[in-house]
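One structure below.
The values are calculated or read from the model by the stated rules, or taken from the named source; none is laboratory data. All of these numbers come straight from a predicted model, not from anything done at the bench. Ideal geometry is used to build each Cβ from the backbone, glycine not excepted, and the neighbour counts take in all protein chains shown. Note: areas computed on protein heavy atoms with side chains; ligands, DNA, RNA excluded. Shrake-Rupley method; radii C 1.70, N 1.55, O 1.52, S 1.80 Å.
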Amino acid sequence: MAVARALASPHEDAALSIRPARAEDIAAVSELDAAITGLAKPAYWRDLFERYGTRRQDQRFFLVAESDGEFLGFAIGEIRAWEFGAPPCGWLFAIDVKPDARLTGVGTALFHALCERFRAAGIDKLRTMLARDNHLMLSFFRSQGMMAGPSIQLEMALDDP
Ligand SMILES: CC(C)(COP(=O)(O)OP(=O)(O)OC[C@H]1O[C@@H](n2cnc3c(N)ncnc32)[C@H](O)[C@@H]1OP(=O)(O)O)[C@@H](O)C(=O)NCCC(=O)NCCS
């Protein structure tokens, strides 16, 4: 991609913009996810767009990053309240940047845009969850100032009793 990765800083990419996802972005979102995970799931992404890109838009945010009309990545977040007794907080549950657009600040721009929407809705806490061994995501979230929170995750296999 041309924007080039010649940029010294994302803040110099005047063309970079973050906007709400549109239905016509979903093919690119699904394609990016398939390239990263090796699993194509277009119906899943269409459903996510339906739920997070078209309804309750004061609480659900499906954002796309683009430069000169070129899709670069996306992020999805939602305000959730009183789950596990916690007051309303913003959850970031997906963020993905095209491999050839990484390390130029696109992820940071998506992250900040999501935080901005949460703040505007009166939210003062952001949460996310990631695999313990996902060092890339951990480095990214740490670079944004995120640290371990007060909760722990528990799970068990639901085998036949
Ligand atoms: C994590 C991700 C979103 C970062 O996007 P990005 O546009 O490259 O991020 P930025 O350029 O804004 O980087 C911000 C900071 O994150 C950290 N970071 C980003 N990529 C990194 C890497 N490969 N190694 C170490 N730190 C990294 C750095 O601290 C960086 O700041 P710096 O460039 O000043 O060192 C991107 O790598 C990605 O999409 N990875 C795959 C994510 C994924 O699997 N998503 C699916 C599940 S939700």
Count - residues of segment 104-161 that are in contact (Cβ under 8 Å) with a residue 60 or more places away in the chain, within 15 Å of the ligand (Cβ to nearest atom) and among the polar types (S, T, N, Q): 2
Positions within segment 1-39 being surrounded by 11 or more Cβ atoms within 10 Å (Cβ to Cβ), modelled with pLDDT of 95 or more, assigned to a helix (DSSP H, G or I) and not β-branched (Val, Ile, Thr), in sequence order: Ala23, Asp25, Ala27, Ala28, Ser30, Glu31, Leu32, Asp33, Ala34, Ala35
Cβ pairs under 6 Å, 6+ apart, first in segment 22-42 and touching a residue at least 24 places away in the same chain (Cβ under 8 Å) and within 17 Å of Val97 (Cβ to Cβ), second of a type in the set (Phe, Trp, Tyr) and not in a helix (DSSP H, G or I): Ala28/Phe71; Val29/Phe74
Flag for Gly85 being away from the ligand (no atom under 14 Å from the Cβ) and open to solvent by 30 Å² or more (accessible area, probe 1.4 Å): yes
Matching residues, segment 104-125, being over 22 Å from Leu72 (Cα atoms) and either charged (D, E, K, R) or open to solvent by 40 Å² or more (accessible area, probe 1.4 Å) (or both): Arg119, Ala120, Ala121, Gly122, Asp124, Lys125
Selection status of Arg132, modelled with pLDDT under 95, open to solvent by 60 Å² or more (accessible area, probe 1.4 Å) and closer than 27 Å to Ala34 by Cα: yes
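Taking segment 88-103 as the search range and keeping residues that are within 9 Å of the ligand (Cβ to nearest atom), over 13 Å from the mean Cα position of the chain (by Cα) and open to solvent by 20 Å² or more (accessible area, probe 1.4 Å), which one is nearest to Gly38 (Cα to Cα)?
Here is the first cut: in segment 88-103, the residues within 9 Å of the ligand (Cβ to nearest atom) are 92-99, 101-103.
Then drop every residue that is not over 13 Å from the mean Cα position of the chain (by Cα), which leaves 99, 101-103.
When the remaining residues are screened for being open to solvent by 20 Å² or more (accessible area, probe 1.4 Å), the result is 99, 102-103.
Working: Pro99: 14, Arg102: 19, Leu103: 22 Å.
Out of the qualifying residues, it is Pro99.
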